[in-house]
Amino acid sequence: MNDQQPSEATVIEGAVEVAPTTSGGTSAIVLRSDQQEFDHKQVTTLALLSPGLAQAPRGHLAMFFHYCVRTGLDPFARQIYMIGRKNWKAADDPNEPEQTWTIQTGIDGFRTVAHRAAKAAGEVISYEDTVYYDSEGQALDVWLSQANPTAVKVTVLRGPARFPLIARWDEFAPTYFDAKQGGYVVAKMWRKMPAHMLRKVAEAGALRMAAPQDLSGVYVDEEMEQADAEAVAGVADDAARRLREAAGLEAGGQAEEAAAGQDSSDAAVSEDRPAPKRRARVAKPKSKPESEPGQEAESGQSPPARKRAAPRKRATSDKQRPAS
């Protein structure tokens, strides 16, 4: 990436303010008008704000730079940032990337971009009253219950156009597994302020519809918290699986998964492979009287004379008694 700086600096497309260059004694990490991507110093600084960003592919960094320029939000002030998450589909599909990258911002950043875009078009952004819905589908102007709303509707007005969006609780509320409670629970902030958090999701979606050219591809943090919860759950499940494998408790599950993933021909081979059952049947006979006759028949040896002579003696004695 380019690490050189021009003698003068200007503003990039009117949004991100660019200060004078280092020759004037100011910051060396500000975005410059001649840039097409982040330079090394800027990536290093962004990596301090978002750990793991230094390992992001160059194409993703270029895309992030484009969004910073387009939205006019300052990445060094954390008005906008890019977050990498482990892609759990990659374990089953080699064509899937190991990480997925999402560009996120806060709701204030969304509002700033939408108002700026409307102002540039000679329009204004306004809102209708927020509508909250309970579990029965009843619409309420104010949410006073301690429970979470089932859905929230936010309508953004831009000029003569209306952009309503309804966010449902079960689609966005993040949950994670709590070992102490032995089940999945809702994230802390969503338990503490359920109506407020769901409203921000609905507002972000409505603003994105009102300013798609400026906000498409960008998400507020609340929209992605469920993805973060799934990533945490995936890490926990992966760690638990590794512990079970180390303890020798995962062998059965792995055998079933391997058998399920085989082709029909492999499945036929696996059906002929009930080795544990066969071994169990062979090892089952414990009494020698049952096993000895089989062994004697296979070896061709005659049974002991004492065992066969005894029945004959009793039989002859029974026949001779009437004669006497």
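Only strands (runs of 3 or more DSSP E) whose full extent lies in region 82-138 are considered here, and the ones with at least 3 residues that are in contact (Cβ under 8 Å) with a residue 60 or more places away in the chain and surrounded by 17 or more Cβ atoms within 10 Å (Cβ to Cβ) are 99-105.
Out of all the residues in region 147-160, is one or more surrounded by 13 or more Cβ atoms within 10 Å (Cβ to Cβ), at pLDDT 95 or above and under 22 Å from the mean Cα position of the chain (by Cα)? No, region 147-160 has no match at all.
Of all residues in region 81-121, those that are at pLDDT 85 or above and basic (Lys, Arg) total 3. For PHE163, the conditions (1) under 27 Å from ALA187 (Cα atoms); (2) assigned to a strand (DSSP E or B) are fulfilled apart from (1).
The rows are residues; the columns are (1) out of contact with any Asp or Glu (no Cβ under 9 Å at 6 or more places or on another chain); (2) among the aliphatic types (A, V, I, L, M); (3) surrounded by fewer than 23 Cβ atoms within 10 Å (Cβ to Cβ); (4) modelled with pLDDT of 90 or more.
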{"site": "VAL201", "(1), (2), (3), (4)": "no, yes, no, yes"}
{"site": "ALA204", "(1), (2), (3), (4)": "no, yes, no, yes"}
{"site": "PRO212", "(1), (2), (3), (4)": "yes, no, yes, yes"}
{"site": "GLY217", "(1), (2), (3), (4)": "yes, no, yes, no"}
{"site": "MET224", "(1), (2), (3), (4)": "yes, yes, yes, no"}
{"site": "VAL235", "(1), (2), (3), (4)": "yes, yes, yes, no"}
{"site": "ALA239", "(1), (2), (3), (4)": "yes, yes, yes, no"}
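Checking the stated criteria, PHE38 turns out not to satisfy the condition of being in contact with a helix residue (DSSP H, G or I) (Cβ under 9 Å, 6 or more places away or on another chain), at pLDDT 85 or above, in a helix (DSSP H, G or I) and not basic (Lys, Arg). Being free of Cβ contacts under 8 Å to residues at least 60 places away in the same chain and of a type in the set (Ser, Thr, Tyr) is the filter here, so list the residues in region 190-224 that pass it. Across region 190-224, the qualifying residue is only SER216.
If you check ALA62 against the conditions, is it in a helix (DSSP H, G or I) and in the same structural domain as SER50 (by TED's automatic domain parsing)?
Working: in a helix (DSSP H, G or I): yes; in the same structural domain as SER50 (by TED's automatic domain parsing): yes.
For ALA62, the condition - in a helix (DSSP H, G or I) and in the same structural domain as SER50 (by TED's automatic domain parsing) - is met.
Could you run through region 177-189 and say how many residues are touching a residue at least 12 places away in the same chain (Cβ under 8 Å) and either surrounded by 17 or more Cβ atoms within 10 Å (Cβ to Cβ) or closer than 19 Å to GLN146 by Cβ (or both)? Spell out how you get there, then give the answer.
Going residue by residue through region 177-189, those that are touching a residue at least 12 places away in the same chain (Cβ under 8 Å) are 177, 186-187.
Now drop any that are not either surrounded by 17 or more Cβ atoms within 10 Å (Cβ to Cβ) or closer than 19 Å to GLN146 by Cβ (or both), which leaves 186-187.
Residues that pass the stated criteria total 2.
The values are calculated or read from the model by the stated rules, or taken from the named source; none is laboratory data. Bear in mind the structure is a predicted one, so any value in this text is a computation, not a measurement. Neighbour counts are summed over all protein chains in view; Cβ atoms, including those assigned to glycine, are modelled from backbone coordinates with ideal geometry.
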